1. Where the centroid of each part is defined by its Cα atoms, how far is segment 205-231 from segment 50-105 in Å?
2. One-quarter of the Cα convex hull surface for segment 16-125, in nm²?
3. Per the 1.4 Å probe, what fraction of the accessible area of the chain, in percent, lies on carbon and sulfur atoms?
4. Hull surface divided by four, with the convex hull built on the Cα atoms of segment 266-315: how many nm²?
5. At a temperature of 4 °C and a viscosity of 1.567 mPa s, determine how fast the chain diffuses translationally according to Stokes-Einstein, using the Kirkwood radius over alpha-carbon pairs as Rh; express D in µm²/s, rounded to the nearest whole number.
6. Apply the Karplus curve 6.51 cos²θ - 1.76 cosθ + 1.60, θ = phi - 60°, to the phi angles in segment 278-294 and return the couplings in whole Hz, x for Gly and Pro.
7. What span do the alpha-carbon atoms of segment 281-394 cover on each of the three principal axes, reported in whole Å from largest to smallest?
8. Once the Cβ-Cβ distance between Ser68 and Phe109 is put in as r, and R0 is 41 Å, what FRET efficiency do you end up with, to the nearest 0.05?
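The values are calculated or read from the model by the stated rules, or taken from the named source; none is laboratory data. Since the structure is predicted, the reported quantities are computational estimates derived from the model, not experimental observations. Here the Cβ positions follow ideal geometry from the backbone for every residue, glycine too, while neighbour counts run over all protein chains shown. Note: areas computed on protein heavy atoms with side chains; ligands, DNA, RNA excluded. Shrake-Rupley method; radii C 1.70, N 1.55, O 1.52, S 1.80 Å.
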Amino acid sequence: MNPTTVQLAAAIIFALALIHTFSTKFFEHLAHTRPTHAGIWHLLAEVEIVFGFWAMVLMVVVSLLENSHEAVSYLDSRNFTEPMFVFSIMVIAGSRPILQMASQLVQGFVGLVPANKTMVFYWTALALVPLLGSFITEPAAMTLAALLMRDTIFGKVSSRLRYASLGVLFVNVSIGGTLTPYAAPPILMVAAKWNYDIVYMLTHIGWKAAIAVLINATAVALIFSKELKGLSYSKESPYSGVPLAMVAVHILLLAGVVVFAHHPAVFSALFLLFMGIATAYPQHQDRLILREGLLVGFFLGGLVVLGGMQQWWLQPALMAMDETQVYFGATALTAITDNAALTYLGSLVEGLSEPFKYALVTGAVTGGGLTIIANAPNPAGASILKGTFDEGAINPLGLLSAALLPTLVAIMCFRLLPH
């Protein structure tokens, strides 16, 4: 392992970005205690800004160490399809017609279950919606679950329940997208090369993930049952009034973006069509979450730029492990780098055994809830829900602590159940 000067600089900047990510709560506190310079502290506290900011620092450093042409050439070599897709799917999934459909489906299910309605709603948002992510993609599931729970649950409960719910949501979305080969980014990275079709995913990985999702959602609902039962539940959907035809159009646009997720020219055109329709019929829209979506896209774009120069140490670290080590190694590494990057690096190596491949992909999705940067949809959920937390910021250690138990459940399901 003989890294170049640029690679070493990139690793140092990546480490600084990680430290910054875990320090956002501190900067948010400064913004409230030192109002004279609150603007800069608020900016540094925006977790979605962190990786984009440090990616720009990296490009400046590359320009100084080599030249501006090399920096631009490196940017041109990066694939920004995922940030563009997450932005598009997040904004469409957060539109009122889609939320009306999702809310009505959830309300209908809640009405059928003879139990406390608030608990059933809470369980549904943390169990069924993440599993739905296997079909509508994880970013869409994260957006729907976060928006459905933001005002009904997160804005009304204790800090302890908020963090517990966030930990379960992040873990369940990460593993809940594994019933199909196209919804979870780390699976998507290797599906074609390793022949992971829908039958393989359901029979080898998906059913275990579904068990873990159901256990996690049920456990947190039961643990906090007293507090949840104390909340009032409205049978009326907060999203209503959109004609069926308009809902159908939005569903088709959402489906089109999902189907063409690997073709940015196509899904970008569909997104622009969506924007045209939303502008033409403002009476059927609430505020579009464009700001949140752009910030998340900026975050993921920065991760693409910074992560692209970490291969020199990540890949040897993975390849030096056996099957058990690679599972737990991938789970841990996922917390500090996007899990799709780990599986992508593994796909570059020829001759891997099937157990090794299984360990790598399941480890990558297992650790997807430990931090905001662990899984691509996490920044979307954090962006929507952070306003309900103290001082408008999510404590990274609070999230890590809350995600440990649901992550352990996922570990037991992936490692102990037969495969």
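1. The two parts, judged by their Cα centres, are 32 Å apart.
2. The directionally averaged projection comes out at 11.4 nm².
3. 69
4. Spelled out: convex hull of the Cα atoms, projected over all directions, averaged, 4.9 nm².
5. Translational diffusion coefficient: 59 µm²/s.
6. Calculated HN-Hα couplings, in order: 4, 6, 6, 10, x, 5, 9, 10, 9, 4, 5, 8, 5, 4, 4, x, 5 Hz.
7. That gives 56, 29, 25 Å along the principal axes, largest extent first.
8. 0.15
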